[in-house]
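A.B. asks: Provided herewith is a single structure, encoded as structure tokens, for subsequent inquiry.
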Amino acid sequence: MRIDIITVLPEMLEGFVHESILARAEKKGLAEIRLHNLRDYTLDKWRRVDDYPYGGSAGMVMQCEPIDRCITALKAERDYDEVIFTSPDGERFDQHMANDLSMKGNLIILAGHYKGIDQRIREHLITKEISIGDFVLTGGELVAAMIADAIVRVVPGVIGDEQSALSDCFQDDILAAPIYTRPADYKGWKVPEILLSGNEAKIREWEFEQAMERTRRLRPDLLDSD
């Protein structure tokens, strides 16, 4: 799959997309992440991409023209399944959405900035708006990076142990069970005996019980969502 991220701060994302899971996915030829500086698509000699809002309200607004020029240029090269805008009033991002998007071919993510983008872009070019929570960030770069990471890590073949991704929190709408590693006894802090028993059926049963207990205690809303 390919993910094109449109941003006014590409340098903020450079290191992120070339490290860890995203870098591994690119190396394996399973995903391609490309950054596009929105300022490269403005005709303004000062490379401005924002202006004052009509109506006199506070803040600055991302303009139509550079966004339209960038998205149009990308669409001229390939088809895209979704054009995503990172926005605090978008649909809440979760693991199910990450799983669904990982099955797509090509995605554009527009990182929001300033007060937001001209509404006409949202109406005519954006196909999906995504939020990571009920709060406002300075820009959508961190959100775009998080979305890309969550999507790419569940693309088959990216993680060597695919069961690891499938057993992550929220894959089954519950939190993950506690996990432990060596040594089995550290300063008197012991690993539960069941995990050392070798009885796989009993271990899976314990993990499910622990996952349900943690979910009830820490995130009861997940159990009430149905």
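The values are calculated or read from the model by the stated rules, or taken from the named source; none is laboratory data. As the structure is a prediction and not an experimental result, all values here were calculated from the model. Neighbour counts are summed over all protein chains in view; Cβ atoms, including those assigned to glycine, are modelled from backbone coordinates with ideal geometry.
A.B. asks: In the range 1-25, which residues are touching a residue at least 60 places away in the same chain (Cβ under 8 Å) and part of a loop (DSSP other than H, G, I, E, B)?
C.D. replies: Correct list: Met1, Val8, Leu9.
A.B. asks: Among the listed residues Ile159, Ile151, Ile117, Ile109, identify the single one that is β-branched (Val, Ile, Thr) and surrounded by fewer than 19 Cβ atoms within 10 Å (Cβ to Cβ).
C.D. replies: Ile159
A.B. asks: Find the residue count for the range 1-12, including only residues that are within 16 Å of the chain's Cα centre (by Cα) and either within 18 Å of Ile67 (Cα to Cα) or buried (at least 20 other Cβ atoms within 10 Å of the Cβ) (or both). Working first, answer last.
C.D. replies: So in the range 1-12, the residues within 16 Å of the chain's Cα centre (by Cα) come out as 1-7, 12.
Narrowing further to those that are either within 18 Å of Ile67 (Cα to Cα) or buried (at least 20 other Cβ atoms within 10 Å of the Cβ) (or both): 3-7.
Going through the range 1-12 one residue at a time, the tally reaches 5.
A.B. asks: Return the residues of the range 210-226 that are loosely packed, with under 12 Cβ neighbours inside 10 Å and part of a helix (DSSP H, G or I); say none if nothing qualifies. First the steps, then the outcome.
C.D. replies: So in the range 210-226, the residues loosely packed, with under 12 Cβ neighbours inside 10 Å come out as 217-218, 220-221, 224-226.
Correct list: Arg217, Leu218, Pro220, Asp221, Asp224.
A.B. asks: Looking only at the range 72-91, how many residues end up being at pLDDT 95 or above, of a type outside the set (Ser, Thr, Tyr) and within 18 Å of Val143 (Cβ to Cβ)?
C.D. replies: Filtering the range 72-91 for residues at pLDDT 95 or above gives 72-86, 91.
Next cut, of a type outside the set (Ser, Thr, Tyr) only: 73-79, 81-85, 91.
Remaining after also requiring within 18 Å of Val143 (Cβ to Cβ): 82-85, 91.
The number of residues fulfilling the criteria is 5.
A.B. asks: For the range 170-182, state whether one or more residues are at pLDDT 95 or above, farther than 29 Å from Ile5 by Cβ, of a type in the set (A, V, I, L, M) and not assigned by TED's automatic domain parsing to the domain that holds Thr86.
C.D. replies: For the range 170-182, residues at pLDDT 95 or above, farther than 29 Å from Ile5 by Cβ, of a type in the set (A, V, I, L, M) and not assigned by TED's automatic domain parsing to the domain that holds Thr86: absent.
A.B. asks: Turning to a different aspect of this structure: Of the residues Asp79, Asp68, Asp94, Asp50, which is of a type outside the set (A, V, I, L, M, F, W, C), in contact (Cβ under 8 Å) with a residue 24 or more places away in the chain and in contact with a strand residue (DSSP E or B) (Cβ under 6 Å, 6 or more places away or on another chain)?
C.D. replies: Numbers: Asp79 fails: in contact with a strand residue (DSSP E or B) (Cβ under 6 Å, 6 or more places away or on another chain); Asp68 fails: in contact with a strand residue (DSSP E or B) (Cβ under 6 Å, 6 or more places away or on another chain); Asp94 fails: in contact with a strand residue (DSSP E or B) (Cβ under 6 Å, 6 or more places away or on another chain).
None of the others qualify; the one that does is Asp50.
A.B. asks: When the residues of the range 180-198 are filtered to those that are in contact with a helix residue (DSSP H, G or I) (Cβ under 9 Å, 6 or more places away or on another chain) and not in a helix (DSSP H, G or I), which remaining residue is nearest to Ile151 (Cα to Cα)?
C.D. replies: Only one residue fits best here, namely Tyr180.
A.B. asks: Sticking with this one: Under 7 Å between Cβ atoms, at least 6 apart or on separate chains: pull out the pairs that start in the range 172-199 with a residue that is surrounded by 12 or more Cβ atoms within 10 Å (Cβ to Cβ) and end on any residue that is acidic (Asp, Glu).
C.D. replies: Ala176/Asp168; Ala177/Glu207
A.B. asks: How many residues does the range 24-64 hold that are more than 19 Å from Gly140 (Cα to Cα) and surrounded by 14 or more Cβ atoms within 10 Å (Cβ to Cβ)?
C.D. replies: 9
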